[in-house]
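S.K.: Could you have a look at this structure, given as structure tokens, before my questions?
What follows is calculated from the coordinates using simple rules that are stated; it is not laboratory data. For clarity, every value in this text was computed on a predicted model and none was experimentally measured. Cβ sites come from the backbone with ideal geometry, for glycine too, and all protein chains shown count toward neighbours.
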Amino acid sequence: MGGDWALFLAGAVSLAGIYVIYTLGLNIQFGFTGLGNLGYVAFFAIGAYTSVILSMPRPGPDVAYIVGYGLPMWAGMIGGSLAAGFFALLIGIPTLKIGEDYFVVVTFAFSEVLRYVLINEKWLTNGTTGFYGLERPFGEFFSGRAYEFFFLFLILVAVVIAYLVMRKICNSPFGRLMKGVRENEQVCLALGKNTYRVKMKAFIVGAMFAGFAGSLYARYATLVVPEMFIPYFTFVAWLSLMIGGRGNNKGAILGCFIFVLADQFTLFVQASAAYAVKLASLRAFIMGALLIIVLRWLPAGILKEKKVTYR
Amino acid sequence: MLVVKDIHKSFGGVKALRGVSLKVERGSIVGLIGPNGSGKTTLFNVISGFCPKDSGQVHFKGERIDHLPSYEIAMRGLSRTFQISRAPRGMTVLENMLLAYKGQIGEGVFGALFRGGRISKQEKVNLKKALSILELLGLRNSRNEYAGDLSGGQQRLLSLSRILASGPELILLDEPTAGINLTLVTELLRLIKHFQVEESKTFLIVEHNMRVISEICDMVCVLVSGKDMACGEPEKIQKDERVLKAYLGAVQGDSKEDLE
């Protein structure tokens with residue numbers, strides 16, 4: 001029994017780690033730059049699908065899809081991340097110059113349109129079946145049980161790197177500039193800052209983090225199907241960020257762990273089949289209550305944005 | 001230094017500017033006055049690129065700038081403040097200042113990631129400069145406060161210091177003394193004069209306070225219903241019959257003493 005708990009925990013922490021990378025990307029977009037991206041899941045999906053398609057072997061004649069490039073898995077992950085960034089550029093060109101309200105609407109619409117593209121373009125995505133039974137990185141070296149712990153290790157390494165990169169970006173003059181754009185774009189313009197480019201860079205970097213997280217998530221779940229990328233997933237990042245603390249990378253991390261804890265704790269509760277359904281709906285209740293409590297008493301999130309001080 | 005030629009601008013049916021022309025000489029302080037709704041702020045918005053003109057030209061240092069986006073104009077050395085001081089509230093006073101400096105290496109993603117050494121060198125230099133400006137404007141002790149926590153007057157001082165940090169040659173001030181107590185007004189005027197004399201900055205100031213105008217301005221231009229009515233030395237303008245009529249006639253309850 002004890003071993004099962006450890007295995008469960010390894011899985012849950014791996015998931016939280018993937019969410020952390022995902023949420024760090026939203027933090028640079030919304031927390032720092034103030035871009036209310038309500039279609040954030042789209043970049044997660046692009047990363048997941050691109051990485052899988054790039055590293056899948058060439059398909060045989062008996063399947064619906066016709067692509068697959070057989071690249072190594074790491075190349076797929078980089079490709080997934082780059083593809084997400086590229087799509088952010090495409091979406092950003094028309095939307096970042098117009099008002100914020102439009103940006104919110106367009107990103108939300110984009111994520112839904114993309115999901116229908118994933119469902120319908122069978123030649124590329126294999127439709128609602130998606131791709132399943134995916135290999136996992138270095139899977140051939142470990143037995144099933146030991147692998148879960150190794151995968152957790154890989155995720156944690158990725159999380160540490162992602163956090164360090166993000167910290168470096170956010171603590172730099174660029175981080176200050178992003179905050180300036182968030183606080184007051186007009187002042188930044190009057191100071192000679194090209195705010196459109198600042199927003200574009202933050203948007204692309206955030207999307208690349210989402211894409212990378214997506215490519216990890218595909219390996220975690222060992223499958224990609226369009227149903228995984230419903231708008232709910234956008235709000236996973238939003239909830240984690242609002243609870244943990246926007247504009248604070250540590251807050252994003254904390255928020256993700258709280259989210260996964262609240263999301264998975266019901267699995268710890270022993271219950272009869274009749275109660276299982278009720279327990280599942282309890283999750284949404286807990287999450288909503290948590291959000292209300294945090295926003296009522298800690299409106300900036302549990303970890304507030306850090307004040308930058310100088311001597 | 002700044003030449004504005006025949007600027008027209010309407011918002012729907014409202015003709016805000018109807019052929020304004022204006023000249024600002026290098027190293028001078030020019031006041032822009034006019035009744036409410038005469039188009040002063042609109043003119044500022046057009047000059048600084050925050051609002052596209054309908055027709056006319058703006059030249060700055062001999063270069064035509066009226067087609068440029070606002071940040072490009074600011075990069076060329078023409079900066080402005082806003083009527084309502086809009087401080088980035090969630091940033092400290094020093095962050096506000098450091099934000100202003102031009103040509104920062106760390107303002108791109110790659111610079112931020114890979115040029116740590118050069119960034120920290122540049123930050124040190126900028127920090128020193130910022131502190132000396134804050135010292136001058138009496139904000140040094142509030143350097144680690146959030147800009148949003150400052151008083152209204154301090155926020156105005158901060159917006160002036162921020163603009164100064166960005167190193168402009170021509171500064172457009174939109175009602176710098178509105179809502180500021182008299183002692184601070186005197187201080188502010190001293191500072192503007194100081195920067196004109198010591199650092200050869202040029203100022204164009206929208207102002208309602210006649211004391212300010214007569215005390216520091218070398219030239220005054222009067223804007224009435226979107227047209228420039230008169231330009232000249234403050235003493236002359238104060239005696240100009242047309243100006244008195246337009247200005248006082250439009251603002252009810254204002255007395256002539258205000259002008260003198």
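S.K.: Where the only charges are on Cβ atoms (+1 Lys, Arg; -1 Asp, Glu), what is the dipole of the protein assembly as shown about its Cα centre, to the nearest 20 debye?
M.R.: Dipole of the protein assembly as shown, to the nearest 20 debye: 820 debye.
S.K.: Still on this structure, I have one more. Using amide H atoms built 1.01 Å from N in the peptide plane, name the residues 5+ places from B:LEU172, or on other chains, whose amide H lies under 5 Å from its own.
M.R.: Residues meeting the amide H criterion: B:SER79, B:ARG80, B:THR81, B:LEU204.
S.K.: Which pairs, out of A:LYS307/B:LYS40; A:LYS304/B:LYS129; A:LYS199/B:LYS227, put more than 31 Å between their alpha-carbon atoms?
M.R.: With Cα atoms farther than 31 Å apart: A:LYS307/B:LYS40; A:LYS199/B:LYS227.
S.K.: Next up: Determine, for A:TYR196, A:TYR116, the number of other Cβ atoms within 10 Å of each Cβ, and report the residues in order from fewest to most.
M.R.: In order of increasing Cβ crowding within 10 Å: A:TYR116, A:TYR196.
S.K.: Let me ask another. Step through the residues of the range A:89-94 one at a time and calculate ³J(HN,Hα) from phi using the Karplus curve (6.51 cos²θ - 1.76 cosθ + 1.60, θ = phi - 60°), rounding each to whole Hz and writing x for Gly and Pro.
M.R.: 4, 4, 6, x, 3, x
S.K.: Moving on to the next point. Rounding to the nearest 20 debye, state how big the charge dipole of the range A:98-184 is about its Cα centre with +1 on each Lys and Arg Cβ and -1 on each Asp and Glu Cβ.
M.R.: The dipole magnitude comes to about 340 debye.
S.K.: Scan around A:LEU38 for amide H atoms under 5 Å from its own, H built in the peptide plane at 1.01 Å from N, and keep only partners 5 or more places away or cross-chain.
M.R.: Amide H neighbours of A:LEU38: A:THR107, A:PHE108.
S.K.: For peptide B:66-72, what's the mean number of Cβ atoms from other chains within 10 Å of each residue's Cβ?
M.R.: Partner Cβ neighbours, averaged per residue: 4.
S.K.: Further question: Residue-wise, which Karplus ³J(HN,Hα) couplings in Hz belong to the range B:190-207, taking 6.51 cos²θ - 1.76 cosθ + 1.60, θ = phi - 60°, and x for glycine or proline?
M.R.: 4, 5, 4, 4, 4, 5, 5, 6, 7, 10, 6, 8, 10, 10, 10, 10, 8, 8
S.K.: How big, on average over all directions, is the shadow cast by the Cα convex hull of the range A:2-230, in nm²?
M.R.: Over every viewing direction, the Cα hull of the range A:2-230 projects on average to 13.3 nm².
S.K.: Give the average, rounded to an integer, of partner chain Cβ atoms located within 10 angstrom of each Cβ in B:87-99.
M.R.: Partner-chain Cβ atoms within 10 Å, mean over residues of B:87-99: 6.
S.K.: With axes computed from alpha carbons, what is the tilt in degrees of helix B:116-136 against the longest principal axis of chain B, rounded to the nearest 10 within 0 to 90?
M.R.: Roughly 40 degrees, rounded to the nearest 10.
S.K.: Can I ask one more? Projecting each Cα onto the charge dipole of chain B (Lys/Arg +1, Asp/Glu -1 at the beta carbon, about the Cα centre), which of B:GLY232, B:LEU127, B:THR186 comes out farthest on the positive side?
M.R.: Final value for the positive-end residue is B:LEU127.
S.K.: Would you mind giving the mean number of other chain beta-carbons within 10 Å of the Cβ of each residue in B:109-122, as a whole number?
M.R.: Across the residues of B:109-122, the mean count of other-chain Cβ atoms within 10 Å is 3.
S.K.: Along each principal axis of its Cα atoms, how long is chain B end to end? Whole angstroms, biggest number first, please.
M.R.: Between the extreme Cα coordinates on each principal axis of chain B lie 62, 40, 33 Å.
S.K.: Along the charge dipole of the protein assembly as shown, pointing to its positive end and built from +1/-1 on Cβ of Lys, Arg, Asp and Glu, which listed residue (B:LEU157, A:PRO137, B:SER10) has its Cα farthest out?
M.R.: Result: A:PRO137.
S.K.: To continue, here is another question. Taking amide H atoms as placed 1.01 Å from N in the peptide plane, list the residues 5 or more away in sequence, or in a different chain, whose amide H sits under 5 Å from that of B:ASP228.
M.R.: B:SER21
S.K.: A further question follows. Given Cα pairs under 8 Å that are at least 6 residues apart, what percent is the relative contact order of chain A?
M.R.: 32 percent
S.K.: Another question, if that's okay. Please arrange A:GLU305, B:GLU95, B:GLU123 by counting, for each residue, the other beta carbons lying within 10 Å of its beta carbon, fewest first.
M.R.: If I rank by nearby Cβ atoms, fewest first, I get A:GLU305, B:GLU123, B:GLU95.
S.K.: Go ahead and estimate [θ] at 222 nm for chain B from helices alone: -39,500 (n - 2.57) per DSSP H run with n ≥ 4, summed, over the residue count, rounded to 500.
M.R.: Only helices count here, giving -11500 deg cm²/dmol.
S.K.: Can I ask one more? Sorting check: for B:135-143, A:103-111, which peptide has the highest mean count of neighbouring beta carbons within 10 Å, and how do the rest follow?
M.R.: A:103-111, B:135-143
S.K.: Checking the table B:LYS53/B:LYS236; A:LYS97/B:LYS53; A:LYS179/B:LYS121 against a 24 Å threshold on Cα-Cα, which pairs fail?
M.R.: Violating the 24 Å limit, Cα to Cα: B:LYS53/B:LYS236.
S.K.: Taking 8 Å as the Cα distance limit and 6 or more residues as the minimum spacing, I'd like the relative contact order of chain B as a percentage.
M.R.: Here the relative contact order equals 27 percent.
S.K.: Taking Rh as the Kirkwood radius computed over C-alpha pairs, what is the Stokes-Einstein D of the range A:174-311 at 25 °C in a medium of viscosity 0.890 mPa s, expressed in µm² per second?
M.R.: In µm²/s, the coefficient is 139.
S.K.: Count the net charge of all other residues whose Cβ sits under 14 Å from the Cβ of B:VAL206, scoring Lys and Arg as +1 and Asp and Glu as -1.
M.R.: Value of the local net charge: -1.
S.K.: Between B:SER200 and A:TYR116, what is the label-to-label distance in nm when each label sits 7 Å out along the Cα-to-Cβ direction?
M.R.: For the pair B:SER200/A:TYR116, the computed spacing is 6.4 nm.
S.K.: Where nothing but the Cβ of Lys and Arg (+1) and of Asp and Glu (-1) is charged, how large is the charge dipole of the range A:2-230 around its Cα centre, in debye to the nearest 20?
M.R.: That gives the range A:2-230 a dipole magnitude of about 780 debye.
S.K.: Let me ask you something else. Could you derive backbone 3J(HN,Hα) for the range B:32-37 from the dihedral phi with the Karplus parameters 6.51, -1.76 and 1.60 (θ = phi - 60°), listing whole Hz in sequence and x where the residue is Gly or Pro?
M.R.: Along the range B:32-37, the couplings run 10, 10, x, x, 4, x Hz.
S.K.: Also, I was wondering about something else. Quick check on packing: order A:237-245, A:46-54 by the mean number of other C-beta atoms within 10 Å, highest mean leading.
M.R.: With the highest mean Cβ count within 10 Å placed first, the list reads A:46-54, A:237-245.
S.K.: Now a separate question. Which one of A:TYR65, A:ILE46, A:PHE229 is farthest out on the positive end of the charge dipole of the range A:2-230, using unit charges on Cβ (Lys, Arg +1; Asp, Glu -1) and the Cα centre as origin?
M.R.: A:ILE46
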